[in-house]
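Single-structure report; data block below.
The values are calculated or read from the model by the stated rules, or taken from the named source; none is laboratory data. As the structure is a prediction and not an experimental result, all values here were calculated from the model. Note that we place each Cβ from the backbone using ideal geometry, even for glycine, and neighbour counts take in every protein chain shown. Protein only, heavy atoms only, side chains kept; ligands, DNA and RNA dropped before computing areas. Shrake-Rupley method; radii C 1.70, N 1.55, O 1.52, S 1.80 Å.
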There are 2 protein chains.
Amino acid sequence: MSEEMKIPYKIYLTEDEMPKDWYNVRADMKKKPAPLLNPGTGQPMTAAELEGVFCKELVEQELDETNRFIPIPDEIRDFYKMYRPSPLVRAYCLEKKLGTPAKIYYKFEGNNTSGSHKLNSAIAQAYYAKKQGLKGVTTETGAGQWGTALSMACSYFDLDCKVYMVKVSYEQKPFRREVMRTYGASVTPSPSMTTEVGRKILAEHPGTTGSLGCAISEAVEDAVTHEGYRYVLGSVLNQVLLHQSVIGCETKAALDKYGIKPDMIIGCAGGGSNLGGLISPFMGEKLRGEADYDIVAVEPASCPSLTRGVYAYDFCDTGKVCPLAKMYTLGSGFIPSPNHAGGLRYHGMSPVLSELYDQGMMRAVSVEQTSVFEAAEMFARVEGILPAPESSHAIRVAIDEALKCKETGEEKTIVFGLTGTGYFDMVAYEKFHNGEMVDFIPSDEELQASFATLPKLG
Amino acid sequence: MSEEMKIPYKIYLTEDEMPKDWYNVRADMKKKPAPLLNPGTGQPMTAAELEGVFCKELVEQELDETNRFIPIPDEIRDFYKMYRPSPLVRAYCLEKKLGTPAKIYYKFEGNNTSGSHKLNSAIAQAYYAKKQGLKGVTTETGAGQWGTALSMACSYFDLDCKVYMVKVSYEQKPFRREVMRTYGASVTPSPSMTTEVGRKILAEHPGTTGSLGCAISEAVEDAVTHEGYRYVLGSVLNQVLLHQSVIGCETKAALDKYGIKPDMIIGCAGGGSNLGGLISPFMGEKLRGEADYDIVAVEPASCPSLTRGVYAYDFCDTGKVCPLAKMYTLGSGFIPSPNHAGGLRYHGMSPVLSELYDQGMMRAVSVEQTSVFEAAEMFARVEGILPAPESSHAIRVAIDEALKCKETGEEKTIVFGLTGTGYFDMVAYEKFHNGEMVDFIPSDEELQASFATLPKLG
């Protein structure tokens, strides 16, 4: 116990202890994730095909299934030092509040201006774009965390940054837009009249408030039709999980420093960037049979791709201009309820995580949003950090698991990912405070209808 | 030079290295700050009189001019560990961008949910209120940083928290209000009908959008008319500067750890809480003749209490219910232009800082807001932190001083305080981006008119 108390509230690595490599979990997977397919031919996308859309070195990373470690370039490590290593926090106050014998830790990724972990991949993607001599990049953003992160990264490397922001977010989150403008990005509400696919969607659905899938289509079209531009994406892709492995590698190094072995690792999961990054080195040990961990993906009950989706090839975007990916999906036609406040609204899940889930290497649970905000508020009050709604999905399950330990007396060590802060989500908090927040669970019929939007493959 | 490069981007103290005492700069002042006066009798306020408004132990701290060190209670140190020690950042990227030989450091106090340094004193004031067995506390807030910080602190100690928020901010910053509600505080737009002084002000100025001075009057009335409540304040007072000395003590410890001696210490100054805290141990050395530092207060040209005010006894609030304080002041009738975006809008300056300034121990400069936002945007782009407008006053002068070094070739070491983040100030950033921000400097005639609101003392 006295040993126990030596663990500080916040474990910080030194800059020397920061990871020098990203960890590529695919190298340890016997059965690899299914490849991206060319929607025209049904054949795996070649590097040459992908390089029309993505930066060259990122394509190499996307396709690399053999190298376990990929060195982090010095330029990226220098940028990481502006906000990393991020703290691994021992949640002493939350444990006390819950009266649990469980030991709870969280890796806090919100201490940078983008407000989330998204910056870890944004700076990498901007670096490779700059290295390739590009003029700029295009992307989509929903809630705005990714767009903000990419704006910061592009500003650092003096790259042009064009962000297609889902129209409903553009209108509801003007401050997010202003942060992006502060970093010099141009922000266009999507769907827009600036792309062919945008004009087509607007013609078909005049009053639409947009979706991530639609904004992706516009950003991709913009990139491929402008010389010197490529498209970048903040989640789902293998390369993104690779970059985000810095979260997990730091977490593991911090735990190892104090001889702590977690029993359970919990992360929220939308497209999978945070969860995939957080769990990667732990999953590697599990895949190699060196250790066992209870790994839990938490998703919203209103957008339940892992818990209620199907594992199949699907479109990544609404305009169907992207390669097909095999993933747990609700179908690209799935639109979360407008009552859905808490992010994590993408219809599919990272192919890496989907395959690991299919192999039984991790489990998934879904939670309803009012219970998520209850957990968020409790956490904010005792731990002093205002969590993003996305992150609060993981908090909800961490609390539930800690309360189970209280019943059983188990002293489990629980680690969860606190991906970001909720400063730009006060509209949702306000709804919650005013008792106006409602839960939403799609019916089986609704899901069947959206599964019908899946592509029919040869 | 190789020695030089060993300084990390962020210097973190360990929890063991965190200050165990606050430093009371008044102990080292030969000529002490002038006492608070009872506005009725014109005599110094006694402890007994002050205890009607403030918590007992805080009154002791307010009046303590002899003890150089005041131990930080363990309960407060435990809370500090949730977000402290805060990083002292070497601004390598900003130095590179400016091409300056100067070495720039900033103490970043924005990495907590209140978004600013205000939490350092909020938790102390809440602690002493709890210890005294009070039900709750009342306060005012303008931009909302202090109210947020106090809400967090009260939530931690399970105290009721009533915040009077300047009406214009209440309406323009609904998200700030929601953060306070998340922490369980009640937030009332001021002036309100809930207090006598509020009703009086509303009757005299029906359309008023409120002011800090007015909100102070309401909060004080609320405290003294409700059993079990006391009033707390986030700046100006001696006790607040004492608590904020944790900023300076950490800064000095971090610099000492690497053998760095600053030439210049720069802080923004509204009521003086941040500046007073940041400079305190350095000022102590200067007062004792052990070292010399160029200490610079930066204030907005639109609210220039040090650079254009008078050093005199003045009312602290609009309703004139508070004790009189001797300070550099523009007169309690001074209202900053509605164009003024960047906080720091209080009419007076901390009596401690006022006295030190009057003794020539520090200097003051004023800056205009468009140049402040230019500095803020440059800083955000290279250092990756979106600064609060208040903090950006210090950034402006740090940049200016670093550019002077570029001309002269001097390798000065510049330390400035980065008090907080600008997440809730995007309306001001938007104005700046859209070219709608204007500068405002009060005319001599306007200042003369507001000096006329100074009390006539026997």
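Among the residues here, residue B:392 qualifies as small (Gly, Ala, Ser), in a helix (DSSP H, G or I), within 12 Å of chain A (Cβ to nearest Cβ) and over 23 Å from residue B:329 (Cβ atoms).
For the range A:332-355, filtered to residues that are assigned to a loop (DSSP other than H, G, I, E, B) and within 25 Å of residue A:35 (Cβ to Cβ), the residue that is most open to solvent (accessible area, probe 1.4 Å) is A:333. Close Cβ contacts (under 9 Å, 6 or more residues apart or on different chains) running from residues in the range B:122-142 that are farther than 22 Å from residue B:273 by Cα to residues that are surrounded by 21 or more Cβ atoms within 10 Å (Cβ to Cβ) and among the basic types (Lys, Arg) comprise B:132/B:230; B:134/B:230; B:136/B:162; B:136/B:230. Return only the number of the condition from (1) farther than 30 Å from residue B:34 by Cβ; (2) surrounded by fewer than 22 Cβ atoms within 10 Å (Cβ to Cβ); (3) touching a Lys or Arg at 6+ places or on another chain (Cβ under 9 Å) that residue B:366 does not satisfy. Only one criterion is unmet by residue B:366, namely (1). Show the residue pairs meeting these rules: Cβ distance below 6 Å; 6+ apart or different chains; first residue within the range B:270-290 and more than 18 Å from residue B:389 (Cβ to Cβ); second residue part of a helix (DSSP H, G or I) and of a type in the set (D, E, K, R). Going by the 6 Å Cβ cut-off, the qualifying pairs are B:281/B:252; B:284/B:28; B:287/B:28; B:288/B:28.
Scanning the range B:308-331 for residues that are closer than 17 Å to residue B:446 by Cα and surrounded by fewer than 22 Cβ atoms within 10 Å (Cβ to Cβ) returns B:308, B:310.
Within the range A:413-430, does at least one residue satisfy the condition of being open to solvent by 40 Å² or more (accessible area, probe 1.4 Å) and modelled with pLDDT of 95 or more? Checked the range A:413-430: no residue is open to solvent by 40 Å² or more (accessible area, probe 1.4 Å) and modelled with pLDDT of 95 or more. Within the range B:398-412, the set of residues being assigned to a helix (DSSP H, G or I), open to solvent by 10 Å² or more (accessible area, probe 1.4 Å) and in contact (Cβ under 8 Å) with a residue 24 or more places away in the chain comprises B:401, B:403, B:406.
Give me the residue from the range B:431-458 that is touching a Lys or Arg at 6+ places or on another chain (Cβ under 7 Å) and under 23 Å from residue B:394 (Cα atoms) and, out of that set, least open to solvent (accessible area, probe 1.4 Å). In this case the residue turns out to be B:437. Among the residues making up the range A:413-440, those that are within 14 Å of chain B (Cβ to nearest Cβ), within 20 Å of residue A:302 (Cα to Cα) and in contact (Cβ under 8 Å) with a residue 12 or more places away in the chain are A:422, A:425, A:427, A:428, A:429, A:431, A:432, A:437. Residues that are open to solvent by less than 10 Å² (accessible area, probe 1.4 Å) number at least 2 in the following strands (runs of 3 or more DSSP E) confined to the range A:135-250: A:136-141, A:160-166.
Candidates in the range B:251-266 are the residues that are open to solvent by 10 Å² or more (accessible area, probe 1.4 Å) and touching a residue at least 40 places away in the same chain (Cβ under 8 Å); of these, the one that is farthest from residue B:16 (Cα to Cα) is B:263. Among (1) of a type in the set (D, E, K, R); (2) part of a helix (DSSP H, G or I); (3) touching a Ser or Thr at 6+ places or on another chain (Cβ under 9 Å), which single condition is residue B:256 missing? That leaves (3) as the condition not met. Mind checking whether some residue in the range A:177-200 is in contact with a Ser or Thr (Cβ under 7 Å, 6 or more places away or on another chain), away from chain B (no Cβ under 14 Å) and among the charged types (D, E, K, R)? Scanning the range A:177-200 turns up no residue that is in contact with a Ser or Thr (Cβ under 7 Å, 6 or more places away or on another chain), away from chain B (no Cβ under 14 Å) and among the charged types (D, E, K, R). Every test in (1) crowded, with 19+ Cβ neighbours inside 10 Å; (2) in a helix (DSSP H, G or I); (3) out of contact with any Cys (no Cβ under 9 Å at 6 or more places or on another chain); (4) within 11 Å of chain B (Cβ to nearest Cβ) is passed by residue A:121 save one, and that test is (4). Residue B:144 fulfils the conditions (1) modelled with pLDDT under 95; (2) within 14 Å of another protein chain (Cβ to nearest Cβ); (3) at negative phi except for a single criterion, (3).
Any residue in the range B:210-217 that is touching a residue at least 60 places away in the same chain (Cβ under 8 Å), out of contact with any strand residue (DSSP E or B) (no Cβ under 7 Å at 6 or more places or on another chain) and farther than 21 Å from residue B:336 by Cβ? Within the range B:210-217, none of the residues are touching a residue at least 60 places away in the same chain (Cβ under 8 Å), out of contact with any strand residue (DSSP E or B) (no Cβ under 7 Å at 6 or more places or on another chain) and farther than 21 Å from residue B:336 by Cβ.
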